[in-house]
Amino acid sequence: MKMRDFSQDHRWLSINTATVRKQHGAEVPLSRIIDQCAERGIRAISPWRDQVAAVGLDKIARQLKTHEIELSGYCRGGFFPAPDAAGLRAALDDNRRAIDEAKTLNAPCLVLVVGALPGALQGQAAYKDIGRARSEVRDGIAASLEYAREVGMPLAIEPLHPMQAADRACVNTLEQALDLCDALDPEGSGMLGVALDVYHCWWDPKLEQQIARAGQGPKGRGASRLLAYHVCDWLTPTRDLLSDRGMMGDGVIELRKLRGWVEQAGYAGYSEVEIFSELDWWKRSGDEVLDTCIARHRSIV
């Protein structure tokens, strides 16, 4: 399959709104970000739940419709593990709400950052058994998938870099995510798949093989598991492992090669730019960041 040519336009560029949620160091309302994207002919975004809530779900839905902007995903569900039964139930309730929000916004999928050791993100893990956390993740996805099927909202498991295995996600490779998909959705219904973020997966020696596997569906049949594709770059040195992502072309990821693998596997959706950059891009204007995203999408991605 021949790769798509991005050099002439930015038809397949999406902006994860974390990329410009801070401009000149200050938080920016999602409504303003949508206007900035619309001014540049950016056709898709992936917003975060807290940004949507701050403006209002219905207001954001109307604004997106007015500008004819669609979603490449919705961030995020997940964080299933908990120290007790009440916490596990609360997580499922929250994921149901996230599914409903994603449906209201007509998202193609709800991205799942699955969670890990409960409390670790706040500095005090309730337990240290990562096997237990992975079991609770599996059970949480299974339960959420039942409701997702009812309303028709695909779930996309996002494997995170192993550096975040304790506090954000105990699913850390594409292979691990696909194993979960095959166990919980063996028929390949299209309702459970993966969100591939190059920042988290570029290093994986099995990446090409597992991308091909994702495109084939379970056992070479069923729908593709590739539901979302996120791009940025890995800086050397990386000054902060969470919030020092690079603009495409400023780091060491072979972005064109990875997109080739993804498209060879049948993916023909958006390349979604997701950059957390407390030390650089969040200090700049949204106009500069978005214009740079467009230029790098055409020349690098």
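Among all the lysines, which ones have a C-alpha under 20 Å from LYS2's C-alpha, if same-chain residues fewer than 8 places away are not counted?
Reachable lysines: LYS257.
Need the C-alpha centroid separation for the range 226-240 versus the range 1-29, integer Å.
13
Which three semi-axes in whole Å describe the equivalent ellipsoid of the range 73-227, each the square root of 5 times a Cα gyration tensor eigenvalue, listed largest first?
23, 19, 13
Work out, step by step, the length gained on full extension between GLU68 and ASP139: first 0.36 nm times the residue separation, then minus their alpha carbon distance; give nm to one decimal.
Length gained, GLU68 through ASP139: 21.9 nm.
For the range 181-197 and the range 71-132, write down the distance between their C-alpha centroids in whole Å.
Their Cα centres are 17 Å away from one another.
Cut-off under 12 Å on the C-alpha distance; same-chain residues fewer than 8 positions from LYS206 excluded. Which aspartates and glutamates are left, in chain and number order?
GLU175
Which of [x] 20.6; [y] 21.8; [z] 19.3 is the computed Kirkwood radius over Cα pairs in Å for the structure on display?
[z]
Can you list the lysines whose alpha carbon is less than 28 Å from that of LYS22, not counting same-chain residues fewer than 8 positions off?
LYS22 reaches LYS59, LYS65, LYS103, LYS283.
Going by C-beta contacts inside 10 Å, put GLU208, GLU274, GLU187 in order with the fewest on the left. Don't jump to the answer; show the numbers that get you there.
Working: GLU208 16, GLU274 23, GLU187 13.
Fewest-to-most Cβ neighbours within 10 Å comes out as GLU187, GLU208, GLU274.
Test of understanding: in a Gaussian network model of the chain with alpha carbons linked when under 10 Å, which of ASP50, ASP233, ASP167 would top the mean-square fluctuation ranking?
ASP50
Treat the count of other C-beta atoms within 10 Å as a stand-in for reagent exposure and order PHE276, PHE79 from fewest to most. Don't skip to the answer; put the middle values down first.
Details: PHE276 19, PHE79 22.
Going from least to most buried by this count: PHE276, PHE79.
For each of THR104, THR292, count neighbouring Cβ atoms within 10 Å of the residue's Cβ, then give the residues from fewest to most.
The fewest-first ordering by Cβ neighbours comes to THR104, THR292.
Can you give the Kirkwood hydrodynamic radius for the range 43-160, in Å, rounded to one decimal and based on Cα pairs?
14.9
Antiparallel DSSP bridges in the chain: what percent, to the nearest 5?
So the antiparallel bridges amount to about 15 percent of the total.
Bear in mind that the values in this text are calculations on the coordinates, not laboratory data. These figures come from a predicted structure and were not determined experimentally. All Cβ positions, glycine included, derive from the backbone under ideal geometry; neighbour counts span all protein chains shown.
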